[in-house]
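So the structure is just underneath, and the comments pick up after that.
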Amino acid sequence: QNFATQTKRAPGSTIKPLSVYAPALEEGIINWASVYDDVPIKFDVSGRSVWPKNANNTYRGLTNVAYAVAHSTNTVALRVLADLGLEKSYSYGRDRFHLGLVSTPAANDCDWAALGLGQLNYGVTVREITAAYSMFVNSGICSEANSYLKVTDSAGKVLLENGYSGTVVISEETASLMTMLLESVPRSGGTAAGLEFDSNYDIDVAGKTGSAGDYYDRWFIGYTPYYLCGVWYGYEYPKHID
C-alpha cells in the first residue's frame with residue numbers, strides 16, 4: 001500500500017483553491033479584494049448549532065478573500081462556492097484538474113461539504129492533488145505526475161523515458177493571483193504560520209493547509225519557484241491526531 005499514490009483521503013481545506021477560489025477567479029466572479037460575510041449559513045431552530053464552523057469557532061463579519069484564504073475561513077469559501085455554482089466547481093475539479101471526484105446515486109461529490117470543505121466521499125491521493133497544484137506555479141498549466149522522467153544505462157543510453165505532459169487549465173493571470181493569495185498562508189497569521197524557513201534564504205513560499213474528519217487527516221500542499229510538495233499525515237486506520 002503506497003500512501004502517496006494509492007490511499008485516498010479527504011483533503012479538507014486543501015481542496016478550496018482547486019474547487020472554489022481558482023475557478024471563481026477564472027470565471028471573473030471574485031478578485032483579490034472581493035468581500036463576503038463571514039457568518040454561519042445555517043442555524044438550527046434553537047440557534048445554538050450553526051454550519052459551517054470555522055476552525056477557531058469565531059466569525060468576523062465582512063471579510064475579504066485574501067484574509068479568508070490565509071485563515072481558511074469556511075463560511076467565505078462556501079459563499080464563494082454558492083456564487084460559482086456546484087456544477088461549475090465540480091466540472092473544474094473533475095475535468096480540468098483531474099481530481100477523483102464522483103457523482104453517483106451512492107456517492108456524490110457535487111455537494112456543498114465536498115467541494116467547499118473537502119469532505120469528499122472517497123477522497124484524493126497525495127499524488128493527484130499535488131499534481132493539480134502544479135498549475136499555480138506553472139502559469140496555469142496542469143502537469144501530470146510522473147514517477148520518473150528518464151532511465152539510462154551506465155553508458156548514458158536511454159532505456160526508458162516518460163515524456164512531459166501538461167494542459168492549460170486556467171489563465172496565467174489566475175495562476176499568479178492564486179499564488180499571491182496562497183503566499184499569505186505560511187506568513188504571520190496564516191494557518192501555516194508555524195512553518196519555519198531558513199532566514200538565510202529569501203525564497204517565496206505559497207501553499208495551503210487542510211484537515212479533515214475531526215483531525216483524522218492533516219495536509220499541506222506547498223511550493224516555491226523551484227519545487228512543489230504535497231504532505232499528508234495520519235493513521236493507516238483513521239483516528240484522531242493528537
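Filter the range 1-29 down to residues that are closer than 16 Å to Ala132 by Cα, assigned to a loop (DSSP other than H, G, I, E, B) and open to solvent by less than 40 Å² (accessible area, probe 1.4 Å), then give me how many there are.
2
Yes or no, residue by residue, for (1) within 19 Å of Ala131 (Cβ to Cβ); (2) at pLDDT 95 or above; (3) open to solvent by 70 Å² or more (accessible area, probe 1.4 Å):
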site: Tyr148; (1), (2), (3): yes, no, yes
site: Leu160; (1), (2), (3): no, no, yes
site: Val169; (1), (2), (3): yes, yes, no
site: Ser176; (1), (2), (3): no, yes, no
site: Ser184; (1), (2), (3): no, no, no
site: Arg187; (1), (2), (3): no, no, yes
site: Gly190; (1), (2), (3): no, no, no
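Looking only at the range 205-223, how many residues end up being at pLDDT 90 or above and surrounded by fewer than 15 Cβ atoms within 10 Å (Cβ to Cβ)?
Counting residues in the range 205-223 that are at pLDDT 90 or above and surrounded by fewer than 15 Cβ atoms within 10 Å (Cβ to Cβ) gives 0.
Only one residue in Tyr233, Tyr237, Tyr226 is aromatic (Phe, Trp, Tyr), open to solvent by 30 Å² or more (accessible area, probe 1.4 Å) and not in a loop (DSSP other than H, G, I, E, B), so which one is that?
Just one listed residue meets the conditions, Tyr233.
Looking at this structure, is Val137 within 27 Å of Phe3 (Cβ to Cβ) and touching a Ser or Thr at 6+ places or on another chain (Cβ under 8 Å)?
Considered against the rule, which asks whether it is within 27 Å of Phe3 (Cβ to Cβ) and touching a Ser or Thr at 6+ places or on another chain (Cβ under 8 Å), Val137 comes out as yes.
Restricting to the range 30-47, give me the number of residues that are open to solvent by 60 Å² or more (accessible area, probe 1.4 Å), part of a loop (DSSP other than H, G, I, E, B) and not polar (S, T, N, Q).
Counting residues in the range 30-47 that are open to solvent by 60 Å² or more (accessible area, probe 1.4 Å), part of a loop (DSSP other than H, G, I, E, B) and not polar (S, T, N, Q) gives 5.
What are the residue pairs meeting all of these: first residue in the range 135-148, first residue closer than 14 Å to Ser176 by Cα, second residue polar (S, T, N, Q) and assigned to a loop (DSSP other than H, G, I, E, B), Cβ atoms under 9 Å, and 6 or more apart or on different chains?
These pairs meet every condition: Val137/Thr224; Ser139/Ser171; Gly140/Ser171.
Suppose the filter is open to solvent by 90 Å² or more (accessible area, probe 1.4 Å) and at pLDDT 95 or above; does Glu196 pass it?
Here the answer is no, as Glu196 does not meet what is asked.
Quick one: in the range 68-113, which of the residues that are out of contact with any helix residue (DSSP H, G or I) (no Cβ under 6 Å at 6 or more places or on another chain) and hydroxyl-bearing (Ser, Thr, Tyr) is farthest from Thr209 (Cα to Cα)?
Thr104
The values are calculated or read from the model by the stated rules, or taken from the named source; none is laboratory data. In this text, all values refer to a predicted model and were calculated from it rather than measured experimentally. Because the Cβ atoms are built from the backbone with ideal geometry, glycine has one as well, and the counts that use them run over all protein chains shown. Ligands, DNA and RNA are stripped out before the accessible areas are found, and what is left, the full protein with its side chains, is counted by its heavy atoms. Shrake-Rupley method; radii C 1.70, N 1.55, O 1.52, S 1.80 Å.
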